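Colleague: Take this structure first; my questions come after.
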Amino acid sequence: KNPTSVLRLLSAWDFINNAPFNEKPNISDFLRGEKPNWSLIGNSGYFARDIEDDVYDSILDYCTSLSIRPKVSVILGSAGYGVTTLMMVLAKRAVWDKAGRIFFHKPFKDIREGDIEYALSLSDDKAIFFIDNAADNIEIINTLYKKYNDAKKSCMFILGERKNEWQQVSSKLQADFFEILPLSDGEI
């Protein structure tokens, strides 16, 4: 019914509920340091991080709550620690568990308030927005958080960022923080 709104939304966000989990995994590129594709994530071509279940529990808490406020979880880690991969894994798990509508922000695209508003209007299902390199967009994230908190509107933001980058921004978000640490013996 709204092709312009849909096109604008999908130009800046991937709708993970329809992600191409069955394409060829980009294992060679991933092992050379590139971002994994959705097929690699869907085929579990990565290793699980210790904090994965803790962050996912935060997502499940949101999905099963009756809260009418936004929820924010922030994943921090040093460069190369797998913040992006962990966020993609969490998005996949949420899709496979039918937790709601899952959106993943595309790199270098603007976050528009209208896109979030439109995504939230599409259904009554819970909506989760994954934003990597969140410090680059902290102003609009702060604005959205305040708006939905004041309006008593439920949505969840999963933010990922390098720890040093996050420490340089001014955020007014009430959030759960999770830090990816160096590899543990179990992860190795």
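Colleague: On the given criteria, is Thr64 under 25 Å from Asn22 (Cβ atoms), surrounded by fewer than 21 Cβ atoms within 10 Å (Cβ to Cβ) and of a type in the set (Ser, Thr, Tyr)?
Modeller: Working: under 25 Å from Asn22 (Cβ atoms): no; surrounded by fewer than 21 Cβ atoms within 10 Å (Cβ to Cβ): yes; of a type in the set (Ser, Thr, Tyr): yes.
Judged against the criteria, Thr64 is not a match.
Colleague: Something else now. Condition check: out of contact with any Pro (no Cβ under 6 Å at 6 or more places or on another chain) and surrounded by fewer than 16 Cβ atoms within 10 Å (Cβ to Cβ). Does Gly100 satisfy that? Break it down into steps so the answer makes sense when it comes.
Modeller: Values: out of contact with any Pro (no Cβ under 6 Å at 6 or more places or on another chain): yes; surrounded by fewer than 16 Cβ atoms within 10 Å (Cβ to Cβ): no.
So Gly100 does not fit the description; no.
Colleague: Shifting gears a bit: Given the conditions (1) in a loop (DSSP other than H, G, I, E, B); (2) more than 26 Å from Glu117 (Cβ to Cβ); (3) open to solvent by 40 Å² or more (accessible area, probe 1.4 Å), report the number of the one that Asp57 does not fulfil.
Modeller: (1)
Colleague: For the list (1) touching a residue at least 24 places away in the same chain (Cβ under 8 Å); (2) over 30 Å from Lys98 (Cβ atoms); (3) open to solvent by 60 Å² or more (accessible area, probe 1.4 Å), I need the number of the one condition that Lys147 fails.
Modeller: (2)
Colleague: Of the numbered conditions (1) of a type outside the set (Phe, Trp, Tyr); (2) farther than 25 Å from Asn37 by Cβ; (3) open to solvent by 70 Å² or more (accessible area, probe 1.4 Å); (4) part of a helix (DSSP H, G or I), Asp136 fails exactly one; give the number of that condition.
Modeller: Single failed check for Asp136: (2).
The values are calculated or read from the model by the stated rules, or taken from the named source; none is laboratory data. Computed from a predicted structure; not experimentally measured. Positions of Cβ are generated from backbone atoms using ideal geometry, with glycine treated the same way; all protein chains shown enter the neighbour counts. Please note that ligands, DNA and RNA were not included when accessible areas were found on the heavy atoms of the full protein model with its side chains. Shrake-Rupley method; radii C 1.70, N 1.55, O 1.52, S 1.80 Å.
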